[in-house]
1. Students sometimes get this wrong: rank Asp10, Asp75 by accessible area, probe 1.4 Å, all chains present, largest first.
2. Would you mind calculating the relative contact order of segment 1-67 from Cα pairs under 8 angstrom and at least 6 residues apart, reporting the percent as a whole number?
3. Could you tally up the Lys pairs in segment 1-67 with alpha carbons closer than 25 Å? Skip any pair fewer than 8 positions apart unless they're on separate chains.
4. If you count only protein heavy atoms and use a 1.4 Å probe, how large is the accessible surface of Val9, to the nearest 10 Å²?
5. Compute the signed sum of charges (Lys and Arg +1, Asp and Glu -1) over the other residues within less than 13 Å, Cβ to Cβ, of Ala34.
6. Around Glu59, under 13 Å between beta carbons, what's the net of Lys plus Arg minus Asp minus Glu among the other residues?
7. At 7 Å along Cα-to-Cβ for each site, give me the label-to-label distance between Lys56 and Glu4 in nm.
Amino acid sequence: LVIETLREVDATRKCYRMVGGILVERTVKEVLPALESNKEQISKIIETLNQQLQAKGRELNEFREKHNIRLVGEDDPKQPPKEGAEGAGAKGSSAGVLVS
């Protein structure tokens, strides 16, 4: 948004930029290239982080399969789901709710 706004402004106009907690007076022609460079770097970092996230997700899935780790409530793919009165009764009684 700032980059789009500064493109429409005169290049010799004063603008202020926060650098390390200090407000610095510059001109638009000095600040605009730095902002565009920062935007490109942020885009590249986001792409790299997304790739790392996908790689970690694959690694986690492989680890879960290797060690047969399942989350609570997750169905076991090797066993068919229980149906009928027997499955419903077992599920209801395993809730562990105590009433006094």
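1. From most exposed to least exposed: Asp75, Asp10.
2. Relative CO of segment 1-67 lands at 22 percent.
3. 6
4. 40
5. +1
6. Around Glu59, the surrounding residues sum to +2.
7. For the pair Lys56/Glu4, the computed spacing is 3.2 nm.
The values are calculated or read from the model by the stated rules, or taken from the named source; none is laboratory data. Note that the coordinates shown come from a computational prediction; the quantities given were computed from them, not determined experimentally. No Cβ is skipped: glycine too gets one built from the backbone with ideal geometry, and neighbour counts run over all protein chains shown. Surface accessibility is based on the protein's heavy atoms, side chains included, excluding ligands, DNA and RNA. Shrake-Rupley method; radii C 1.70, N 1.55, O 1.52, S 1.80 Å.
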